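S.K.: One structure is given below, represented as structure tokens, and several questions about it will come after.
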Amino acid sequence: RRARVLALMRDGALRTAADHYHAAMVFQHGSGLEDIRIAHALSTLASTLDPDEIRYRWLAAASWDRIMTTRLQPQWFGTQFHGDEAGLFLYPVADGAVDDAERVRMGVPRLADTQATVGEMAAAMGQQVHPDPPTIEQLRQERRPGETPAP
């Protein structure tokens, strides 16, 4: 799918907001930082072309958060959850990066509402809620020695 979307992009076949959004979804679920950056660019284009479509704004927020978490930075909107052997947790969120009004504008729930759903999400995935979610500093320390965040 990724190769097909890249070919469509090279051919200039992405024209509508929906085209950009669907292409962004393919890259949002890619494996590397470059894929996620492409997802963010495409979803930002989709939301610019059709600013009234909430799904496009949500994907721009989610792709931004995924870029941040991939780089071991706190996410801004609160769309990314992680899990380990202790359970599922909301990846740390940067204080003051965005407020709840901006989250809602981007189609993301208020932070307290997102935090309240961790238990439901964990149960749906057959996991437990992490009893003591790690801080961003702890997540950075857990990175393997010699490994650095992607540029």
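S.K.: Go through the stretch 98-114 and report how many residues are closer than 25 Å to GLU137 by Cα, within 16 Å of the chain's Cα centre (by Cα) and surrounded by fewer than 15 Cβ atoms within 10 Å (Cβ to Cβ).
M.R.: 1
S.K.: Looking only at the stretch 122-136, filter to residues that are under 19 Å from the mean Cα position of the chain (by Cα) and modelled with pLDDT of 95 or more; which one of those is farthest from ASP65 (Cα to Cα)?
M.R.: Applying the first criterion (under 19 Å from the mean Cα position of the chain (by Cα)) to the stretch 122-136 yields 122, 125, 133-136.
Checking which are modelled with pLDDT of 95 or more leaves us with 122, 133-136.
Values: ALA122: 20, PRO133: 18, PRO134: 17, THR135: 16, ILE136: 14 Å.
Among residues in the stretch 122-136 that are under 19 Å from the mean Cα position of the chain (by Cα) and modelled with pLDDT of 95 or more, the one farthest from ASP65 (Cα to Cα) is ALA122.
S.K.: Determine the pairs where a residue that is of a type in the set (Ser, Thr, Tyr), located within the stretch 119-141, has a partner that is surrounded by 15 or more Cβ atoms within 10 Å (Cβ to Cβ) with Cβ atoms under 7 Å apart, the partner being 6 or more residues away or on another chain.
M.R.: Once the first residue is of a type in the set (Ser, Thr, Tyr) and sits in the stretch 119-141, its partners that are surrounded by 15 or more Cβ atoms within 10 Å (Cβ to Cβ) give THR135/PRO92.
S.K.: What are the residues in the stretch 8-40 that are at pLDDT below 90 and open to solvent by less than 40 Å² (accessible area, probe 1.4 Å), if any?
M.R.: The answer is GLY30, and nothing else.
S.K.: Residue check: is MET125 loosely packed, with under 13 Cβ neighbours inside 10 Å, among the hydrophobic types (A, V, I, L, M, F, W, C) and within 27 Å of TYR21 (Cβ to Cβ)?
M.R.: yes
S.K.: Still on this model: All but one of (1) open to solvent by 50 Å² or more (accessible area, probe 1.4 Å); (2) within 11 Å of the chain's Cα centre (by Cα) hold for ARG71; state the number of the condition that does not hold.
M.R.: (2)
S.K.: With the structure loaded, tell me whether HIS40 is within 12 Å of ARG66 (Cβ to Cβ) and either of a type in the set (Phe, Trp, Tyr) or part of a helix (DSSP H, G or I) (or both) or whether it fails that test.
M.R.: yes
S.K.: Next question, about the same structure. In the stretch 117-143, what count of residues is obtained for those that are of a type in the set (S, T, N, Q) and closer than 9 Å to LEU88 by Cα?
M.R.: 2
S.K.: Which of the following residues is at pLDDT 95 or above, among the aromatic types (Phe, Trp, Tyr), open to solvent by less than 80 Å² (accessible area, probe 1.4 Å) and more than 16 Å from GLN28 (Cβ to Cβ): PHE77, PHE89, PHE81?
M.R.: Going through PHE77, PHE89, PHE81 in turn, the sole match is PHE89.
The values are calculated or read from the model by the stated rules, or taken from the named source; none is laboratory data. Owing to the predicted nature of the structure, the values given are computational and were not obtained by experimental measurement. Heads up, the Cβs are rebuilt from the backbone with ideal geometry, glycines too, and the neighbour counts pull from every protein chain shown. Each accessible area value is taken on the protein alone, full model and side chains, heavy atoms only, with ligands, DNA and RNA left out. Shrake-Rupley method; radii C 1.70, N 1.55, O 1.52, S 1.80 Å.
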